[in-house]
Number of protein chains: 4
Amino acid sequence: MAFQNVDRAAELESFYTNMDAQNLEGLWRVAHDVLTPEPTTVVQPYLWRWENVARVTHEAGRLVPLERGGERRAVALVNPGLRGKFAATDTLYAAIQLIRPGELAPPHRHTPTAIRFIIQGEGATTTVESEKITMNEGDLILTPNWTWHEHRNEGTEDVLWLDGLDIPLIRSLSSIFFESFPEDSLPLTTATDYSTKAFGSAAVKPVGYKPAAKDGSMLMYRWPGVQRTLESLRNEVGTAHDGMALEYINPHTGGHTLPTMSCWMQMLRPDEHTQAHRHTPSVIYYAFKGNGSTIIDGLRFDWGAGDSFVVPPWRWHEHVNASASEDALLFSMNDGPVMEAFGLLREESYSENGGQQRVTGVFDG
Amino acid sequence: MAFQNVDRAAELESFYTNMDAQNLEGLWRVAHDVLTPEPTTVVQPYLWRWENVARVTHEAGRLVPLERGGERRAVALVNPGLRGKFAATDTLYAAIQLIRPGELAPPHRHTPTAIRFIIQGEGATTTVESEKITMNEGDLILTPNWTWHEHRNEGTEDVLWLDGLDIPLIRSLSSIFFESFPEDSLPLTTATDYSTKAFGSAAVKPVGYKPAAKDGSMLMYRWPGVQRTLESLRNEVGTAHDGMALEYINPHTGGHTLPTMSCWMQMLRPDEHTQAHRHTPSVIYYAFKGNGSTIIDGLRFDWGAGDSFVVPPWRWHEHVNASASEDALLFSMNDGPVMEAFGLLREESYSENGGQQRVTGVFDG
Amino acid sequence: MAFQNVDRAAELESFYTNMDAQNLEGLWRVAHDVLTPEPTTVVQPYLWRWENVARVTHEAGRLVPLERGGERRAVALVNPGLRGKFAATDTLYAAIQLIRPGELAPPHRHTPTAIRFIIQGEGATTTVESEKITMNEGDLILTPNWTWHEHRNEGTEDVLWLDGLDIPLIRSLSSIFFESFPEDSLPLTTATDYSTKAFGSAAVKPVGYKPAAKDGSMLMYRWPGVQRTLESLRNEVGTAHDGMALEYINPHTGGHTLPTMSCWMQMLRPDEHTQAHRHTPSVIYYAFKGNGSTIIDGLRFDWGAGDSFVVPPWRWHEHVNASASEDALLFSMNDGPVMEAFGLLREESYSENGGQQRVTGVFDG
Amino acid sequence: MAFQNVDRAAELESFYTNMDAQNLEGLWRVAHDVLTPEPTTVVQPYLWRWENVARVTHEAGRLVPLERGGERRAVALVNPGLRGKFAATDTLYAAIQLIRPGELAPPHRHTPTAIRFIIQGEGATTTVESEKITMNEGDLILTPNWTWHEHRNEGTEDVLWLDGLDIPLIRSLSSIFFESFPEDSLPLTTATDYSTKAFGSAAVKPVGYKPAAKDGSMLMYRWPGVQRTLESLRNEVGTAHDGMALEYINPHTGGHTLPTMSCWMQMLRPDEHTQAHRHTPSVIYYAFKGNGSTIIDGLRFDWGAGDSFVVPPWRWHEHVNASASEDALLFSMNDGPVMEAFGLLREESYSENGGQQRVTGVFDG
C-alpha cells in the first residue's frame, strides 16, 4: 500500500527526529556499522622516513629552545587516519625526542607510561624517581605510570631517542593526570644505574618460548652471570642479615626459584659481619668460596670452601667473613616458598648486644 | 578429700586408658607440647666438613659402581636430629653427587624437585626433558617436579655437585612418585643449552630489592645484553611471523614490559622473509639496523635504519630482510597487553599463496 | 628585534606547515591540551527520563519489527557530548531493550561484553552458550565477551531490560568481532538456570568490605544456604566419584576454603553408589546425615550419622548410600590445596570391574 | 674370588660405619625405600564410631573442667598409624569439641588454621577477631591462621562440634606459634554475624563446575538474593559516598563482575544524603526504585524509578534519597576494572562545606 508506506516513512522520520532530540538512538540503525564481523579501523599503515624526521627534529633543535618548547622537544608521528588526535595508533603515540648539550628536560610525572629507545648520541641521562640512568644507543628505558622523571644532556653532542607512550589510550579513558616537580631536578638517593646492576643484564624472553618444565621453572643459571651481578653490586649496601644476597628467580613469574625451594648466593665482603636474625624457613648452606663463620644460637660454626651446614627454623644466626682481603661466598637453599604459601613466613631481628650474638662456644662436630 | 582424689585419679586413669584403646586423645593432655609459643624443632644446627665429605664421596666412587649403586651416587648429609629420616632439615635433603668419566646416571623422573650446584670438574651434562645442559663450576641447574632427567660424564675427570631436593617435604605429604625412563637416554629434540641462550644470563634479583616504579616495572634494558641474546639465538628457528623475536619482560612478574605496552626487538636474518599474519594489537616499528620491507595488506613499505612505520590492527603483514649478508633489526611496541587484559587478543595466519602475500603496490608516502 | 621576530615567525610558520605535510607534530604545541593536570572529558552529565525512554521504546516496538530492526530492538542512551559515537560514556553503552511476546532476538556473539538488568515483564529468557536463563524483574544477566546468546519472549507481555555494553571501549581498541549463529536457536545442553542453582544465590560483596582474616578467608558458611543449594542440584548429574559435591569456597578469591584445607559437603542420593578413584590428598569424613558405606582398598567401612573416618593418600575408595529413600550427607576436609600448591595433585579412576571395587572385608575397628 | 669378596664386604662395612659416624648416608642404600613408584604411607584407613566418641566426649565434659583441661575440651581422633603424632592424617587433625553451658574457651590465636562444623546444640558463639558468630547445627566456621578466636556457650545445653586443623602440617614445618589473648574476652567492634550478612549466603561451588563463559564470569544474579543481602545490611554503616552499596562479584575469582565492567546495587536509606567524591571511573546509573537526586559538579539531577543518568570521569558527585520513608535503589555499571588494570584508579573526597556540594542549579535536560 503505497499510501501506507508514505505514512509509515513520515512517521518513522518523525520518530527518529524525536529520538535524536532526546539523545536516543536505535541500535538497529547503526548496528551494522558498529558490530562489524571484523575490526574496522581508521588507523592507516604509514611510514615516516628517518631522513625527514631527523631533519625536522634537528630544525626543531635550532628553532624551538627547550624552555620555549614546553617541557620536551619531541616530534610526534601522526597517523594520517588520526589527524587531530596526536596518535600513531588507537592506543599509542610515538615521537623522536632531541635533547641538546647542557639542556635539561625538567622533572614531571603523568599517568601515561613512556618508553625511550635510544637512537644516537652519548652523555644523556634519564632520572626515574631517585635513580639516574645513563643512556646509550640501543638501550631501552621505561618511565612507568606516575613516576617522576627528567632528562639531562651532560655531554657534548645532540642525543636523540624514540619516545613511545600510551597517551591515546589514557586519553580515551579520560584519565590524564600531569604534575610538574616543584624543583629543578629530582633528588638522587639511589646509586646511578642501580636497577641495571641489580638485574645483571637485559630481561628478555624469546617470543613463543615454551619452558621445558610444566611449572615454568628455569633450567639453568650460569655462574659467570651471577658473578658479574655480584661484582657490580659490591659497593651497594646489601642486606642487614645476609651481606649482598642474590636470589635465583623464575623468569616466567618473577618469583622464587621453585615452588618449594629458593636458592641464594650471598657475598660476604672482606671483614663483613652481619646482624643476627631468625626466621621460620630453614636453610642449608654450602660454602662456595672463602672462609668464615656462622653463629647459631651462640655457637660458632667455622667454615671453609666445600663445607655444608644447616640453620634450623627460628634459630638466631649471623654470618662473618673471617678474611680482611677475600670475599666469602655462600650458596644456599631454603624452604621459604613453602612458608610463604601458607602464611607462615616470619622473621625477627636480634635486638640485644648491638644486633650480634655473644659467642658461647665453637662447634667441633 | 584424699579418698575422692584417689577415686578421681583412678577414674581418670581408666578414662584415659579407654580413650587410648579407641584411638582418641585429649587435646588438653598434649596441647602444651603441640601448641608451643614458638616453634620447637628436632632439627639441629650442624656442619659437614668438605674434607670428610669429599673423602667419603671419592671412596664411594671407588667402592660403589654406578650400576650397583642404584641410579645415583650421592652422599647425603643427615641431620643428627633427623636420623632415620634421610633429611637435612624438616623439608630439605642435601647430598654430594659424583659422576665419573664415561658414567651415565640413567634417565628417570620423580615428584621431588631437585637443584644441582656444580662443585668441580668439567665435561658433565644434565639433560632435562629434551634439552642437554652443560655443567661448569658454580652453575645452578634445576630439575623441577616430574621432569625427566639424566646426568652424563662425557669428559675425562670426576665431576661433583651439590644436590638439593625437597624429599622430606614430599614424603611428609605422602606424595612420592618415581618412574624410570624406558630407554637408556632421553631423546634430544631441543638445542643444547637452549634455555641459557633464551634468557641471556642468570635471572637473579637482589634480596630485598624494591623497584622504583609502583607497578614493579623494570627501568632499563641495556642493548649489549639484548644483542648478546639475539646473537646466541641466531641459529635457532625463531618465530614464523617475526623472525627471531625477543620481548622485553618485567623481571618482577615475568610478564609483558608494561601493563599497557609490550616492547620487542626482532632480528630478520639475511634473506629472511617471514610468513604473513594479522592480529588485533597494533604495532609501531622503528628500524634500528639494516634495510628491509614490510608488506601490509599487499602494499610494500621499504624501510632503512631510522624509519618508523605503523601496522594497524587486524591487517595482514609480513617482513623481509632485503640483504643477503646483513641482519635487519626492528624495535617495536604494541598494545598487546591491553588486548590480553580484556580477552581481545586474536591472531590469524595467512593461509593463501604459501603464507605470503602478493605485493600489489609500493608505498611512496 | 622586530625584523628578526618577523623572520622567525615566518620561518616557524613554514616549519610547522612542513611538519604537518609530513604527518609530524610538535609535542610542545599540543602538550598543554594533551597532558592536563586533571582529566578533561567531553562526556557530559546527563539524565534520560523514564517517561520519554519508555514511550520511545514502546513506539519502537510498534514501528520496528524485530526482523526489520536488525537483531535487537534497543534504544540507546547517547551522551550529548559523544554524539555520533553511540556511547553513554568514554567506555560504556547503555540502552533499553524491548522484546515482545513470541519474538526471538536471534543467537549471535560479539567481543563486546553485555549485562542485562531486567526492568519489567515476565516470561522472557536469555540463553548463554548452552544454558537457558529465566528473566525476572531486578535480575542481572551477563553475556561475556564472545559468548553465544539469544533472547526469547515465551510469555504474553512485553519485557524490557537495561542493556550495558563496553562497545565504546572495544571500538576504541579496534577489536569488534561479530558472528551470527548459523541456526535459529542455540542447542540447550545444560539444565535451565543451572548456574543459578550452582551458586545458590547472588554473589555480591559490600563495597569496601574488609575481611577479618588477613588471608581474606570467609568466617562463616550457614547450613541452610548449603542445604538449599544441594537441594536445587538434586537432579543434576553431579560427580562420578563423590555424588553431588559442593566445595566451600573463599568468596574473596573464588578458590579453596583455606590455603591448607578444602571443606566439602557431599550428598549421596538414595541408592547412589559412586565410582572408585584414588588421589594424593587425604580426607577426613564426618557423616552428617544418613547411613552408608565407604569402601577403601576393598575394605568396607559402614557409617552412620556422627561417625568419622579417614581415607589415606592414594587409596582406592568409593561411597555408597545404603538407603533407598534417604539422602546420606558427608562433610569432609582434605589437604588438596597443599597438593595443588606444589604440583602434587593426582587422581586416578578405578578402571576394573565396572569402576567399582570388590569388597574383600568389613571394618570392625 | 671369595677372598676379595670378603675383603670387599669388610671394606664396605667399615666404609658405611664411618659414613654413619659422620652423619652421612648413601642414597643408593635407601633410594628404593624413599623414591617409591607410588606413595607409601603409614596413615591407615580408620573409622571412629559416634557412639564411642560421643560417650568419651561427654565423660570428658564431666571429668575435665575447662579451666583444668587447658584451653579447649577437644577429643582428638588419632590415626592408629600415627600414634604419638596427634594426627588423623599426614597433614590434618580432627577432634570433637564440647563446650558446656556458661563455659568460655578463652581467646587465643595460633598459626594452625581451624574449621568448625557444628554437630549439635544451640546457644554457642565463636568470636573471630572482632566479630561474634552464632553457631547452629550444620554451620561451618573458620578461624584462619593467626586470627584471635574464642568460643562461648551462652545457652542452656551442651554444644558439640567437629574441629579440623592443619596441626600436623604446620608442625612438620616447625612453624607452630601460639599466643593467649591478655584479657578474658575479645573486644567486639563488628556487628554480630556481619560476615554472614555481607555475603548473603553460603559461598559454595559444585565440585567440577565448569563456567559457561571462557573468562569464568557468572551468568545470572537473582534479585531476591541481592535484596535479602541489602535488607540484612540495612543497619550497617555502609559507605561514605554511596550509601549501602553491593558489588556483583565473579564467584570464580572474587573480583569484579566482568573484566571491563563492574555492576553495583546501592541502597540509599530514607533521608540518606551521602558525602561527595570524584573518581576516574565513569558511571551509568539506572534508578531501580524510589526517588532522589544526584548532584554533579553542583548541578542537581532529580530522578525517579526508570530514569537513567551518567556521571562522567573525575566529576564531584553525591546522592540524596528524597524520601523520609522509602528506600531509593540505584543500579549502576562503571568502568573501574579498566582503570584498575592500568593503574588509573583514583578517588578524591570532597573536603569543603562539610563534604557536600552547594547546589548551583537543577538539570532540566
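The table below lists the values:
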read-out: Condition check for A:Thr192: more than 23 Å from B:Ser282 (Cα to Cα) and surrounded by fewer than 17 Cβ atoms within 10 Å (Cβ to Cβ); value: yes
read-out: Subset of the stretch B:295-313 that is in contact with a His (Cβ under 7 Å, 6 or more places away or on another chain) and farther than 30 Å from A:Asn145 by Cβ - its residue that is farthest from the other protein chains (Cβ to nearest Cβ); value: B:Ile295
read-out: Qualifying strands (runs of 3 or more DSSP E) (wholly inside the stretch A:269-323; at least 2 residues being open to solvent by 20 Å² or more (accessible area, probe 1.4 Å) and among the charged types (D, E, K, R)); value: A:299-304
read-out: Matching residues, the stretch A:193-222, being hydroxyl-bearing (Ser, Thr, Tyr) and over 15 Å from the mean Cα position of the chain (by Cα); value: A:Tyr209, A:Ser217, A:Tyr221
read-out: Candidate set from the stretch C:11-44 (those that are of a type in the set (Ser, Thr, Tyr) and more than 7 Å from every other protein chain (Cβ to nearest Cβ)); member that is farthest from the chain's Cα centre (by Cα); value: C:Ser14
read-out: Residue match in the stretch A:340-354 (condition: within 8 Å of chain B (Cβ to nearest Cβ) and out of contact with any His (no Cβ under 7 Å at 6 or more places or on another chain)); value: no
read-out: Any chance A:Phe363 is of a type in the set (Phe, Trp, Tyr), over 34 Å from the mean Cα position of the chain (by Cα) and open to solvent by 10 Å² or more (accessible area, probe 1.4 Å); value: yes
read-out: Residue match in the stretch A:206-217 (condition: touching a residue at least 24 places away in the same chain (Cβ under 8 Å) and β-branched (Val, Ile, Thr)); value: no
read-out: Tally of residues being assigned to a loop (DSSP other than H, G, I, E, B), on the phi > 0 side of the Ramachandran plot and open to solvent by less than 20 Å² (accessible area, probe 1.4 Å) across the stretch C:324-357; value: 0
read-out: Looking only at the stretch C:223-243, and only at residues there that are open to solvent by less than 10 Å² (accessible area, probe 1.4 Å) and more than 7 Å from chain D (Cβ to nearest Cβ), the one that is farthest from D:Pro251 (Cα to Cα); value: C:Gly243
read-out: Residues within the stretch B:244-253 that are of a type in the set (Ser, Thr, Tyr) and buried (at least 23 other Cβ atoms within 10 Å of the Cβ), tallied; value: 1
read-out: Qualifying positions in the stretch C:38-64 - crowded, with 19+ Cβ neighbours inside 10 Å, out of contact with any Gly (no Cβ under 6 Å at 6 or more places or on another chain) and outside any helix (DSSP H, G or I); value: C:Pro39, C:Thr41, C:Pro45, C:Tyr46, C:Trp48, C:Val64
read-out: Which numbered condition B:His279 fails, given (1) under 25 Å from the mean Cα position of the chain (by Cα); (2) modelled with pLDDT of 95 or more; value: (1)
read-out: Pair list, Cβ under 9 Å, 6 or more apart: the stretch A:347-358 residue within 19 Å of A:Leu299 (Cβ to Cβ), other residue in a loop (DSSP other than H, G, I, E, B) and of a type in the set (Asp, Glu); value: A:Gln357/A:Asp297; A:Arg358/A:Glu352
read-out: Test: residue in the stretch D:27-36 that is within 22 Å of C:Val338 (Cβ to Cβ), open to solvent by less than 70 Å² (accessible area, probe 1.4 Å) and touching a His at 6+ places or on another chain (Cβ under 6 Å); value: yes
read-out: Boolean, C:Ala191 is touching a helix residue (DSSP H, G or I) at 6+ places or on another chain (Cβ under 9 Å), outside any helix (DSSP H, G or I) and more than 9 Å from every other protein chain (Cβ to nearest Cβ); value: yes
read-out: Failed condition for B:Ser195, given (1) without any contact (Cβ under 8 Å) to a residue 24 or more places away in the chain; (2) under 30 Å from A:Val338 (Cα atoms); value: (1)
read-out: 2 or more residues touching a residue at least 12 places away in the same chain (Cβ under 8 Å), out of contact with any Asp or Glu (no Cβ under 9 Å at 6 or more places or on another chain) and at the interface with another protein chain (Cβ under 8 Å from one of its Cβ atoms): qualifying strands (runs of 3 or more DSSP E) within the stretch C:65-169; value: C:140-143, C:159-165
read-out: Some residue of the stretch C:204-222 being over 26 Å from D:Thr253 (Cβ atoms) and either more than 7 Å from chain D (Cβ to nearest Cβ) or open to solvent by 10 Å² or more (accessible area, probe 1.4 Å) (or both); value: no
read-out: Matching residues, the stretch B:132-150, being of a type in the set (A, V, I, L, M, F, W, C), more than 15 Å from B:Ser195 (Cα to Cα) and open to solvent by less than 10 Å² (accessible area, probe 1.4 Å); value: none
read-out: Output for the stretch A:258-268, where each listed residue is open to solvent by less than 30 Å² (accessible area, probe 1.4 Å) and either over 23 Å from the mean Cα position of the chain (by Cα) or more than 7 Å from chain B (Cβ to nearest Cβ) (or both); value: A:Thr260, A:Met261, A:Ser262, A:Met265, A:Gln266, A:Met267, A:Leu268
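Condition check ((1) open to solvent by less than 10 Å² (accessible area, probe 1.4 Å); (2) not hydrophobic (A, V, I, L, M, F, W, C)) across all residues:
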| site | (1), (2) |
| --- | --- |
| B:Leu77 | yes, no |
| B:Pro80 | no, yes |
| B:Arg83 | no, yes |
| B:Leu92 | yes, no |
| B:Leu104 | no, no |
| B:Phe117 | yes, no |
| B:Gly121 | no, yes |
| B:Ala124 | yes, no |
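The values are calculated or read from the model by the stated rules, or taken from the named source; none is laboratory data. Every value quoted in this text rests on a predicted model; they were computed, and no experiment measured them. A quick note on method: Cβ atoms are made from the backbone with ideal geometry, for glycine too, and the neighbour counts reach across all protein chains shown. The protein model used for the area step is the full one, side chains on, heavy atoms only, and it has no ligands, DNA or RNA in it. Shrake-Rupley method; radii C 1.70, N 1.55, O 1.52, S 1.80 Å.
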